[in-house]
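Remarks on the structure that follows.
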Amino acid sequence: MPTPKLFEPLTTGSLTLANRIVIAPMCQYSAHAGCMTDWHLIHLGQLALSGAGLLTIEATAVLPEGRISYADVGLWDDTTAAAMGRVLDSVRHYSDMPIAVQLAHAGRKASTDLPWRGGGQFAPDHLHGWQTLAPSAIPFTPGSHAPSALDRQGMRTIRDAFAAAARRAAALGINAVQIHAAHGYLLHQFLSPLSNARTDEFGGSLENRLRFPLEVFDAVREAFPVGQPVTVRVSGTDWVAGGWDSEQTIVFAQALEKRGCSAIHVSSGGVHPAQAIPLVPGYQVPLARAVKQNVGIPVIAVGLITEFDHAEAIIANGDADLIALARAILYDPRWPWHAAAHLGASVKAPPQYLRSQPRRFPELFKPTQ
């Protein structure tokens with residue numbers, strides 16, 4: 001039987017993925033002063049045994065004030081890099097799954113409490129709070145503390161911090177970098193007219209609103225080794241009238257492709273509390289399809305993709321080149337195993353687990369070395 005499309009390999013630059021299943025970046029809110037902890041070792045370690053094609057480290061702040069919360073992971077200095085390196089060394093000892101990292105700055109959505117404690121924003125003078133930054137001094141919600149509008153020097157500092165974090169990622173042997181320009185965080189804030197009210201060359205027209213995110217991409221692409229992928233996660237729409245939309249996303253994706261972007265990961269929303277999101281299975285797939293029809297680089301679809309046949313159909317129909325799993329793989333860390341068994345494919349598994357293979361699926365596992 002032919003290999004299911006979901007389990008065909010994909011190569012971008014120097015990186016080859018064994019299949020089209022990507023583990024999306026998922027914040028764990030479990031770091032200490034930006035440093036990964038043993039929780040990350042457990043969390044990433046189990047996912048690295050899942051049989052997916054790529055594991056992406058959660059949103060990783062390029063500066064302390066770029067964290068969503070005080071418990072976010074960072075990669076802004078030698079100390080945070082060493083903590084991440086310790087975790088990666090242990091994970092790699094037992095898994096050869098490629099690893100990417102999502103580099104991020106939360107902008108006006110920073111300085112928050114942990115989500116299981118309500119996730120509210122702290123004032124700058126709170127023990128766990130700080131002054132947030134954004135393109136414009138527009139708070140995320142009426143009850144949020146207003147961010148400070150970035151000046152040009154502040155923007156350069158952030159751009160350079162993205163590049164420095166990319167160099168640290170390369171030094172740690174990370175295989176790919178994803179730039180976070182989605183979910184209402186800083187780069188998305190520059191893109192959306194709902195959060196960007198600037199009157200200089202970084203606001204107003206679409207060309208101007210693209211300028212700083214593209215500047216950050218160029219800096220990261222230059223800092224990360226040639227041939228190793230640099231990708232971008234975007235929100236395909238704000239789900240709010242007058243905001244960022246699919247047409248603007250396509251223009252952004254085309255500009256990124258011209259600059260050497262390796263893939264576009266299409267999510268949505270996050271920049272405005274009035275968003276009205278139609279939460280149904282695959283609700284973001286049409287956004288990914290629209291981008292794929294207008295670029296030549298791989299496109300990743302994400303969002304309520306939980307069923308094996310649905311995931312296979314997205315790839316087989318040409319709606320996207322890869323699918324990303326987030327909550328679904330937290331709930332079922334062996335989702336790729338089960339998808340392979342269902343679709344008649346195979347995945348890598350550690351030799352310690354080979355005896356768990358059901359007898360009715362004799363070809364399910366390929367042992368790791």
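Readers should treat all values here as calculations from the given coordinates under stated rules, not as data from a laboratory. Computed from a prediction, not measured in an experiment: that's the story for all the values here. In this analysis, Cβ positions are derived from the backbone assuming ideal geometry, glycine residues included, and neighbour counts consider all displayed protein chains.
Brief remarks follow.
- When each of the peptides 51-63, 233-245, 354-366 is scored by how many other beta carbons lie within 10 Å of its residues on average, the order from highest to lowest is 51-63, 233-245, 354-366.
- Full extension of the chain segment joining Gln153 with Arg259 gains 35.8 nm, where the gain is 0.36 nm per residue of separation less the Cα-Cα distance.
- Dipole magnitude (debye, nearest 20) for the stretch 254-320, charges at Cβ of Lys, Arg, Asp, Glu: 360
- Full extension of the chain between Arg167 and Thr306 gives 46.6 nm of extra length, using 0.36 nm per residue less the Cα-Cα distance.
- Applied to the stretch 103-116, the Karplus parametrisation 6.51 cos²θ - 1.76 cosθ + 1.60 on θ = phi - 60° returns per-residue 3J(HN,Hα) values of 8, 8, 9, 7, x, 6, 8, 7, 6, 10, 7, 5, x, 7 Hz, with x for Gly and Pro.
- Theoretical FRET efficiency, 1/(1+(r/R0)^6), r = Cβ-Cβ of Tyr331 and His128, R0 22 Å, to 0.05: 0.15
- Span per principal axis, largest first, for the Cα atoms of the stretch 133-175 (Å): 42, 22, 11
- Relative packing of 17-26, 335-344, which averages over residues the other C-beta atoms within 10 Å, highest first: 17-26, 335-344
- Gyration tensor analysis over the Cα atoms of the stretch 221-369 returns equivalent ellipsoid semi-axes of 32, 20, 13 Å (largest first, whole Å).
- A Cβ-based charge dipole, computed about the Cα centre of the chain with Lys and Arg at +1 and Asp and Glu at -1, lands at about 580 debye.
- Remark: relative contact order (the chain) = 16 percent; criterion is Cα-Cα distance under 8 angstrom and separation of 6 or more residues.
- Under a 5 Å amide H cut-off, with hydrogens placed 1.01 Å from N, Ala349 pairs with Lys366, Thr368 among residues at least 5 apart or on other chains.
- Placing unit charges on each Cβ (+1 for Lys and Arg, -1 for Asp and Glu) gives the chain a dipole about its Cα centre, and among Phe252, Gly282, Val347 the Cα reaching farthest toward its positive end belongs to Val347.
- Residue with peak Gaussian network fluctuation, the chain [Cα springs, cutoff 10 Å], from Ile250, Ile179, Ile323: Ile250
- For the chain, alpha-carbon Rg relative to the globular expectation (2.2 N^0.38 Å, N residues): 0.95
- Sorted peptide list for 122-131, 280-289, 101-110, criterion being average Cβ within 10 angstrom, highest first: 101-110, 280-289, 122-131
- For the stretch 179-220: rounded, prolate or oblate by the Cα gyration tensor [a/c cutoff 1.5]: oblate
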